[in-house]
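One structure is given below, encoded as structure tokens.
The values are calculated or read from the model by the stated rules, or taken from the named source; none is laboratory data. Computed from a predicted model, the values in this text were never measured in an experiment. FYI the Cβ positions are ideal-geometry reconstructions off the backbone, even for glycines, and counts take in every protein chain you see. Just the protein is used for accessible areas: all its heavy atoms, side chains included, with ligands, DNA and RNA removed. Shrake-Rupley method; radii C 1.70, N 1.55, O 1.52, S 1.80 Å.
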Amino acid sequence: MTHWNAVLSAASEYAQQYLEHLDDRPVRATATSETLMRDLGGALGDAGGDPTGVLRALADAAREGTVATQGGRYFGFVVGSSLPVATATDWLVSAWDQNAGIHVLSPLAAVLEQVVTAWILGLVGLPKTWSAGYVTGGMMANFTSLAAARHHVLAAVGWDVEGDGLIGSPPIDVFVSEEAHYSIANTLRMQGIGANRARRVPTDAQGRMRVDALETMLADTSGPCIVSAQAGNVNTGAFDPIDRIADLARARGAWLHVDAAFGLWAAASPALRHQLDGIERADSIGTDAHKWLNVPYDCGIALCAHPDSHRAAMTIPAPYIVRSPLERDAHEFTPEESRRARAVPIYAVLKTLGRSGLREMIERCCRHARRFGEGLRAAGYDVLNDVVLNQVLVAFGSAETTKRVIEAIQRDGTCWCGGTEWQGKTAMRISVSSWATTDEDVERSLKAMLAAARTAGAAGQT
Ligand SMILES: *Cc1c(COP(=O)(O)O)cnc(C)c1O
């Protein structure tokens, strides 16, 4: 017992020191790769070291070598952080070290996946019959979903893609918007469909797929077809009009996938969920829990309206033993076999927050985003998007000026925002996706942004 006690107590101590320190450190990493390499690298010695000593060295390196994404003032990319109960539960998952791929290896992991799946389907308003695969993240959720799609549309024309591959198969028409996340193109590459096969549907000023354009493009196609829509643009937060896209996909006999990596959680809010209208008509949905649901990495979810196609795409066919659904082997719905019990932190988060807590967390992030938008606009800067979710795009003048402001903000360290290109303009992106962000964090960050803008010579327009 004692050898557990020493390392787990040390880890708990270091973790708490790290987390309690988040508020008074720069958000950016202050160590360079060179100093980290110097401190941690070198040849692997023959003699081992003391485990608590190894932990201490890592904890020391983490102080300056990490980015404070766990704090309340990291607004780069769309990453989320991790709720305290989720982090703590993740420790338990590691302590138990369950293999969640196979039911007999962990009845607990298998049952919790079923519980969590039912909750999520309920939150989004999807039928209980949908299947779910718990994967490493949004990219793999899209991968898993589109593998099910590929299976389904080719099986419909009598082609066994898992057995016979894509060489010589009937072609698949794939439609994605010009604003689709690159993980969709990456998926098409990995699946042998080819990224260039995707036909790019034009988008509107907010980055939403234009339904009229999709309709025209679909009209001159026939045969196997996949349409991939998006709920939550990584720049603007905007949602494709899923309901109208579903009309077209249905009429065409196409599979409709929705990449809802962070946007799916808008379903928790009555004020936001209309943006997902029609989501229940999708054939598959890819989402992330490690972003806006605020569980630790790695956790994405592939949801599928066609469990047989989902399973067929991920499993070598074997006589299917129909057991109780509680005894389902989870690996039959994911690319991996052995894996950690990813549903457990999701369970803890949903159970702790309840529907109202989840709604509150999602709405709070959106309120913070609106406050950023208002504050920057009031100072005369150009907010480029309609702030409909948790994303804000702002330009501080010319591309050069905006880049200088972003650098100044990162250097200052009060908060962290990154740059992006939006419809030909260089912009700064603010993504509010952490449970930890408070009103005070927003005001402090806004102040730092405006000060950095002044330092960098960006003149507000008012
Ligand atoms: C983040 C994101 C992905 C990829 O998810 P990962 O968890 O990083 O693999 C895919 N699509 C969208 C819209 C995203 O925001």
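A few points about this structure:
- Residue within segment 353-360 that is touching a strand residue (DSSP E or B) at 6+ places or on another chain (Cβ under 6 Å) and open to solvent by less than 10 Å² (accessible area, probe 1.4 Å) present: no
- Pairs with Cβ under 6 Å, 6+ apart, first in segment 433-449 and more than 11 Å from G72 (Cα to Cα), second among the basic types (K, R): none
Conditions tested, residue by residue: (1) open to solvent by less than 50 Å² (accessible area, probe 1.4 Å); (2) basic (K, R); (3) within 16 Å of the ligand (Cβ to nearest atom).
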site	(1), (2), (3)
V104	no, no, no
G125	yes, no, no
K128	no, yes, no
G165	yes, no, no
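- Enumeration of residues in segment 413-462 that are among the acidic types (D, E) and open to solvent by 50 Å² or more (accessible area, probe 1.4 Å): E421, D439, E440, E443
- Residue in segment 277-287 that is open to solvent by 10 Å² or more (accessible area, probe 1.4 Å), away from the ligand (no atom under 16 Å from the Cβ), within 15 Å of A231 (Cα to Cα) and free of Cβ contacts under 8 Å to residues at least 60 places away in the same chain present: yes
- Residue match in segment 63-86 (condition: within 16 Å of the ligand (Cβ to nearest atom), in a strand (DSSP E or B) and open to solvent by 10 Å² or more (accessible area, probe 1.4 Å)): yes
- Enumeration of residues in segment 337-382 that are under 30 Å from N99 (Cβ atoms) and among the polar types (S, T, N, Q): S338, T352
- Residues that are open to solvent by 50 Å² or more (accessible area, probe 1.4 Å) and free of Cβ contacts under 8 Å to residues at least 40 places away in the same chain, drawn from segment 380-412: S398, E400, K403
- For segment 201-233, a residue qualifies if it is surrounded by fewer than 16 Cβ atoms within 10 Å (Cβ to Cβ) and either touching a Gly at 6+ places or on another chain (Cβ under 8 Å) or in contact (Cβ under 8 Å) with a residue 24 or more places away in the chain (or both), and the qualifying residues are P202, A205, T221, G223.
- For segment 19-42, a tally of residues being of a type outside the set (D, E, K, R), surrounded by fewer than 14 Cβ atoms within 10 Å (Cβ to Cβ) and not in a loop (DSSP other than H, G, I, E, B) returns 4.
- Residue check for H310: outside any loop (DSSP other than H, G, I, E, B), open to solvent by less than 20 Å² (accessible area, probe 1.4 Å) and away from the ligand (no atom under 14 Å from the Cβ): yes
- Residues of segment 43-62 satisfying the condition of being more than 23 Å from G413 (Cα to Cα), open to solvent by 80 Å² or more (accessible area, probe 1.4 Å) and assigned to a helix (DSSP H, G or I): R56
- Top-ranked residue of segment 288-304 - restricted to ones that are assigned to a strand (DSSP E or B) and within 12 Å of the ligand (Cβ to nearest atom), ranked as farthest from I362 (Cα to Cα): A302
- For A180, the conditions (1) part of a helix (DSSP H, G or I); (2) under 16 Å from L256 (Cα atoms); (3) of a type in the set (G, A, S) are fulfilled apart from (1).
- Segment 194-233, residues that are out of contact with any helix residue (DSSP H, G or I) (no Cβ under 7 Å at 6 or more places or on another chain) and either aromatic (F, W, Y) or in a loop (DSSP other than H, G, I, E, B) (or both): D204, A205, Q206, G207, R208, R210, D220, T221, S222, G223, N233
- Given (1) closer than 25 Å to E113 by Cα; (2) more than 16 Å from the ligand (Cβ to nearest atom); (3) free of Cβ contacts under 8 Å to residues at least 60 places away in the same chain, number of the condition H151 does not satisfy: (3)
- Residues that are out of contact with any Ser or Thr (no Cβ under 6 Å at 6 or more places or on another chain) and among the aliphatic types (A, V, I, L, M), drawn from segment 122-140: L123, V124, L126, M140
Yes or no, residue by residue, for (1) away from the ligand (no atom under 16 Å from the Cβ); (2) more than 19 Å from the chain's Cα centre (by Cα):
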| position | (1), (2) |
| --- | --- |
| R208 | no, no |
| V211 | yes, yes |
| N235 | no, no |
| D240 | no, no |
| D243 | yes, yes |
| W265 | no, no |
| R273 | yes, no |
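- The residue that is most open to solvent (accessible area, probe 1.4 Å), among those in segment 245-263 that are more than 14 Å from the ligand (Cβ to nearest atom) and in contact with a helix residue (DSSP H, G or I) (Cβ under 6 Å, 6 or more places away or on another chain), is R252.
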